[in-house]
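Notes follow once the structure below has been shown.
The values are calculated or read from the model by the stated rules, or taken from the named source; none is laboratory data. None of these values were measured; they are calculated from a predicted model. Counting neighbours? That spans all protein chains shown, and the Cβs are built from the backbone with ideal geometry, glycine included. These area figures cover heavy atoms from the full protein model, side chains too; ligands, DNA and RNA do not enter into them. Shrake-Rupley method; radii C 1.70, N 1.55, O 1.52, S 1.80 Å.
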Amino acid sequence: MKCKIEKSRLSGNIICPPNKSYTHRAIFLASLAKGKSQIRNVLLSRDTIATINACKTFGVLIKEDGTNLTIESSGEVKLQSPQIDASNSGTTIRISAAIVSLVDTKTTLTGDSSLRRRPMQPLLDALEDLGAHCTSTDGKPPITVKGKIQGGKVSIPGTVSSQFISALMIASPKTDGVTLNIEGNLVSKPYLDATITMMKKFGVNVEIIDLYKKYKILKQQYRRV
């Protein structure tokens, strides 16, 4: 068989498959942005549903329409319950812990038996350095967090989980500003890049002082998308 291939131009549309990590971040960031955001083509799973439920606890209205979400927020955290159940999602409990530290209310965060074995202490130490009061069960969930963090300079190890750094970054624009130092070799670098990219889409800039080592996040307002 002989084939002849001629010069041609490809055309068409490609729809990227939804991604769990980006879905988590989009839901949290839309929940911190004043107004109504439209999040399309989300990945709905046990973990991202835990994030949706956590954000509803922040006083956010979330409506589901297939794989699309409409998220309406005042831009401020107005806790509706003193407890958040993150189910099996480490991303949910870690980012939620940083967000609830923005308010002067004691919140308990927990999850299933597997999540209750996940480390939290590095994040709790960092939140305390920024002015929160935290307790835990031997450094693991269930944990309690009571703000209000004000901002400042903080150091956190990068060798355990990049989720700790992502959590601090996401909460930082709602403070007076944070300079974040990462100690050791940061694991899971692409996830931190994803956080910074998503924050930019919601109108917040993260200044890179030393890549994967030092960042500065000024006080800013998230914008709806």
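Observations on the structure shown:
Yes or no, residue by residue, for (1) under 13 Å from the mean Cα position of the chain (by Cα); (2) assigned to a helix (DSSP H, G or I); (3) surrounded by fewer than 15 Cβ atoms within 10 Å (Cβ to Cβ):
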site: 163; (1), (2), (3): yes, yes, no
site: 193; (1), (2), (3): yes, yes, yes
site: 209; (1), (2), (3): no, no, yes
site: 215; (1), (2), (3): no, no, no
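- Residue 182 satisfies every condition listed in (1) assigned to a helix (DSSP H, G or I); (2) of a type outside the set (Asp, Glu); (3) within 17 Å of residue 121 (Cα to Cα) except (1).
- Residue in segment 95-102 that is polar (S, T, N, Q), in contact with a helix residue (DSSP H, G or I) (Cβ under 8 Å, 6 or more places away or on another chain) and closer than 20 Å to residue 43 by Cβ present: yes
- Count of segment 81-97 residues which are open to solvent by less than 40 Å² (accessible area, probe 1.4 Å) and under 12 Å from residue 143 (Cα atoms): 6
- Considering only residues in segment 105-149 that are part of a helix (DSSP H, G or I) and open to solvent by 10 Å² or more (accessible area, probe 1.4 Å), the one that is farthest from residue 88 (Cα to Cα) turns out to be 129.
- Single residue of segment 165-177 satisfying the filter (of a type outside the set (Ser, Thr, Tyr) and assigned to a loop (DSSP other than H, G, I, E, B)) that is surrounded by the fewest Cβ atoms within 10 Å (Cβ to Cβ): 176
- Some residue of segment 23-38 being within 27 Å of residue 190 (Cβ to Cβ), at pLDDT 95 or above, within 18 Å of the chain's Cα centre (by Cα) and open to solvent by 90 Å² or more (accessible area, probe 1.4 Å): no
- Subset of segment 82-129 (residues that are more than 21 Å from residue 29 (Cβ to Cβ) and of a type in the set (Gly, Ala, Ser)): 111, 113, 114
- Conditions (1) under 21 Å from residue 172 (Cβ atoms); (2) touching a residue at least 12 places away in the same chain (Cβ under 8 Å): number failed by residue 128: (2)
- Where helices (runs of 4 or more DSSP H) fall entirely within segment 1-100, those with at least 2 residues that are among the charged types (D, E, K, R) are at 20-32, 46-57.
- Pairs with Cβ under 7 Å, 6+ apart, first in segment 188-210 and more than 16 Å from residue 95 (Cα to Cα), second aromatic (Phe, Trp, Tyr) and in a strand (DSSP E or B): 206/215; 207/215; 208/215; 209/215
- Residue 187 being among the aliphatic types (A, V, I, L, M), open to solvent by less than 10 Å² (accessible area, probe 1.4 Å), touching a Ser or Thr at 6+ places or on another chain (Cβ under 8 Å) and not in a helix (DSSP H, G or I): no
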